[in-house]
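A short write-up of the structure that comes next.
No value in this document is a laboratory result; all are computed from the given coordinates. What you are looking at is a predicted structure, and each value in this text was computed from that prediction instead of being measured. FYI the Cβ positions are ideal-geometry reconstructions off the backbone, even for glycines, and counts take in every protein chain you see.
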Amino acid sequence: MDKYLRVKNGEVFIDVGAHVGKYALKVAKANPASLVIAIEPGKLQFNALIDGIRKNNLKNVIPLNIAAWDSATRLKLRVYSATGRSTVVIDEIPDAGHLMRIEDVEAKPLDDVVEELGLGRVDWVKIDVEGAELHVLRGFRSGIARFRPRIIIEIAEFNREGVLNFFREFNYECKHIPEDESGEYFICESKK
């Protein structure tokens with residue numbers, strides 16, 4: 001995915017499902033004039049993200065301990081043992097280990113986040129949300145229409161058709177990222 005995530009210095013990058021910050025921290029370090037919004041609902045992963053921001057002395061990252069969703073609500077986040085992966089939409093993630101705990105998390109639309117932060121631009125969005133892609137996208141309709149960001153997204157097989165149809169509504173073209181071994185990552189860009 002690194003080959004496709006080409007954020008330029010000064011651009012705004014939103015990392016939805018930032019986990020411990022692999023991409024958020026990398027983009028922030030490489031682009032000190034960029035603004036990075038890192039969204040991660042899981043408590044342990046969010047704490048690791050905060051540690052990474054501190055250790056790297058990054059001033060251009062805004063970490064948010066929330067889930068991106070299609071409405072302002074509270075959700076039950078299922079956290080698994082083997083990988084630290086988590087989900088709010090599917091009961092079980094294959095190969096993720098045993099369910100460790102369920103966390104009650106705040107959720108809000110990305111459109112609300114953009115408005116609250118007063119963002120005048122969004123250039124890139126990465127979405128890795130273990131099956132909640134359509135919920136995240138529906139909560140960012142205004143932002144997609146207004147900013148036309150490039151979006152790198154992991155699309156679970158069970159909702160791939162719905163997600164790709166969503167992008168077609170916005171005149172976006174999605175291409176599979178061939179280097180991705182899981183076969184689930186796509187880069188989606190405006191055709192205009």
By how many nm would the segment from Arg160 to Ile62 grow when fully extended, if each residue of separation counts as 0.36 nm and the alpha-carbon distance is taken off?
32.3 nm
For Lys108, which lysines qualify as cross-link partners when the Cα separation must be under 20 Å and same-chain residues fewer than eight apart are set aside?
Lys43, Lys76, Lys126
Paramagnetic label zone (point 7 Å from Cα along Cα-to-C-beta, Lys29; backbone N under 15 Å) in the range 52-72
52-61
In the neighborhood of Arg160, defined by Cβ-to-Cβ distances under 13 Å, what is the net charge if each Lys or Arg adds +1 and each Asp or Glu adds -1?
-4
Please report, to one decimal in angstroms, the Kirkwood hydrodynamic radius of the range 97-190 built from all distinct Cα-Cα pairs.
14.3
Bridge orientation stat for the chain from DSSP, antiparallel percent rounded to 5, came to 50
Residue farthest toward the positive end of the dipole of the chain, with Cβ of Lys/Arg at +1 and Asp/Glu at -1: which of Leu44, Gly120, Ile102?
Gly120
Describe numerically, in nm with one decimal, the distance between label points set 7 Å from Cα along Cα→Cβ at His176 and at Lys76.
3.5
D for the chain, whole µm²/s, Stokes-Einstein with Kirkwood Rh over alpha-carbon pairs at 25 °C and 0.890 mPa s: what number?
147
